[in-house]
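Q: The structure follows.
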Amino acid sequence: MTHALIRVYETVRDHLDAYAVADHLVPDLISHPRWIPELEAEALPLQRIFLAEKWLVTRLHYGHADPREAGNGNIVNCGAAMYMAPVGLVNAANPAAAYAEALDIAGAHQSSYGREAAGVFAAAVAEACRPTATPATVVDAALALAKDGTRAAIEAVCEVAARHTDFEAALRPLRDAVAPFDTVGPDYRSPSLAARRPSRLHSVEELPIALGMLLVGEGDYRRTVLGAVNYGRDCDSIATMAGAIVGALGGETAVPAPWANQVAEASRLDLHAPAAALAEVTREIFMRDTALRRVHETAFIALSPKPEVTL
């Protein structure tokens, strides 16, 4: 899904919204066979993605729903958040812009705290791109934008995480901190009756834990990702988010080369080409945004009354 979203950015070469999901992402999922590592075959991405992502095709391709509202009715989970890292990179060092763009995009996929998680995750990645960013500033940026239960969950988890530097010792305290906000319940294989239903009081579990592991790992890629993987439950999603954030903090050199090389070889995926393509598009978007901002500044100054000259 992350690579698919990058392909949409390559096509549109501008900021995205929910309509871009309907016009470009959904056709990519149902019309273009791709190499799917888990299937070890060329297949439509639709055949690999889970039901919460198949919802996009059901609602937008078959149901012709308004893209801005198509996420309503889907289960509320971290599905939309997991692939929002490219939105953070396109809006590098501008968390508020990343948050707004991700919320618009995710409206086609999710509602409630699932959509909120997408916005906050993109904002965290955007802040992590700032040259002076630290794990603490990433959490601060997330808290500055997060709403309702998502904000409360991040605050609770990160308060606990700040007291740990060993991820093994942090596993149970972090789970205890997020548990009041998690609708799935203690048994991940048997979700509670309230699981994945809209609410202003709750949060997805994955994003707060990813941010918590970022603090526990103190920005180190190995420690952060290993902590996320060993948390259990929906650990692949947690590691995806934590890895994206800590990767944005440190850049490619922060990622252990043997890890990246082995994953690329085993999955038969080029992990560099999508990143290079997104970087190129990001520069184009930035230059266009800068030019538009200059036009706006000129127009606003022309509209403003001239300041009085005082001696």
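The values are calculated or read from the model by the stated rules, or taken from the named source; none is laboratory data. The structure presented is a predicted model; accordingly, all values stated were derived computationally and were not measured. Note that we place each Cβ from the backbone using ideal geometry, even for glycine, and neighbour counts take in every protein chain shown. Note: accessible area is taken over every heavy atom of the protein model, side chains too, but ligands, DNA and RNA are not part of it. Shrake-Rupley method; radii C 1.70, N 1.55, O 1.52, S 1.80 Å.
Q: Taking region 65-78 as the search range and keeping residues that are in contact (Cβ under 8 Å) with a residue 60 or more places away in the chain and either of a type outside the set (Val, Ile, Thr) or within 19 Å of Ile6 (Cβ to Cβ) (or both), which one is most open to solvent (accessible area, probe 1.4 Å)?
A: Among residues in region 65-78 that are in contact (Cβ under 8 Å) with a residue 60 or more places away in the chain and either of a type outside the set (Val, Ile, Thr) or within 19 Å of Ile6 (Cβ to Cβ) (or both), the one most open to solvent (accessible area, probe 1.4 Å) is Asn77.
Q: To continue, here is another question. Might you let me know whether region 20-42 holds any residue that is modelled with pLDDT of 95 or more, open to solvent by 40 Å² or more (accessible area, probe 1.4 Å), assigned to a helix (DSSP H, G or I) and among the acidic types (Asp, Glu)?
A: yes
Q: While we're on this one: For the condition within 20 Å of the chain's Cα centre (by Cα), on the phi < 0 side of the Ramachandran plot and at pLDDT 95 or above, what is the one hit in Glu252, Glu205, Glu265?
A: Just a single option satisfies the conditions, and that option is Glu205.
Q: Is there any pair linking a residue in region 196-220 that is within 18 Å of Gly185 (Cα to Cα) to one that is assigned to a loop (DSSP other than H, G, I, E, B) and of a type in the set (A, V, I, L, M), with Cβ under 6 Å and at least six apart or on different chains, and which?
A: What qualifies is Arg196/Ile75; Arg196/Val76; Pro198/Val76.
Q: Of everything in region 50-64 that's at pLDDT 95 or above and assigned to a loop (DSSP other than H, G, I, E, B), which residue is surrounded by the fewest Cβ atoms within 10 Å (Cβ to Cβ)?
A: Across region 50-64, the extreme among qualifying residues is His64.
Q: Which ones in region 258-311 are open to solvent by 70 Å² or more (accessible area, probe 1.4 Å), of a type in the set (Gly, Ala, Ser) and closer than 21 Å to Ala126 by Cβ?
A: Of everything in region 258-311, nothing turns out to be open to solvent by 70 Å² or more (accessible area, probe 1.4 Å), of a type in the set (Gly, Ala, Ser) and closer than 21 Å to Ala126 by Cβ.
Q: Thr240 fails exactly one of the following numbered conditions: (1) of a type in the set (Val, Ile, Thr); (2) within 19 Å of the chain's Cα centre (by Cα); (3) over 23 Å from Arg130 (Cβ atoms). What is the number of that condition?
A: (3)
Q: Something else now. Which pairs turn up if I take residues in region 4-27 that are in contact (Cβ under 8 Å) with a residue 40 or more places away in the chain and look for partners that are aromatic (Phe, Trp, Tyr) and surrounded by 18 or more Cβ atoms within 10 Å (Cβ to Cβ) with beta carbon separation below 7 Å, at least 6 apart in sequence or on another chain?
A: Sorted first by the residue in region 4-27, then by its partner, the pairs are Leu5/Tyr83; Leu16/Tyr9.
Q: Right, here's the next one. Of everything in region 119-137, what is open to solvent by less than 10 Å² (accessible area, probe 1.4 Å) and in contact with a Gly (Cβ under 9 Å, 6 or more places away or on another chain)? Give them in sequence order. If you could, list the steps in order and put the result at the bottom.
A: In the first step, residues of region 119-137 are kept if they are open to solvent by less than 10 Å² (accessible area, probe 1.4 Å); the result is 119-126, 128.
Result: Phe121, Ala122, Ala123, Ala124, Val125, Ala126, Ala128.
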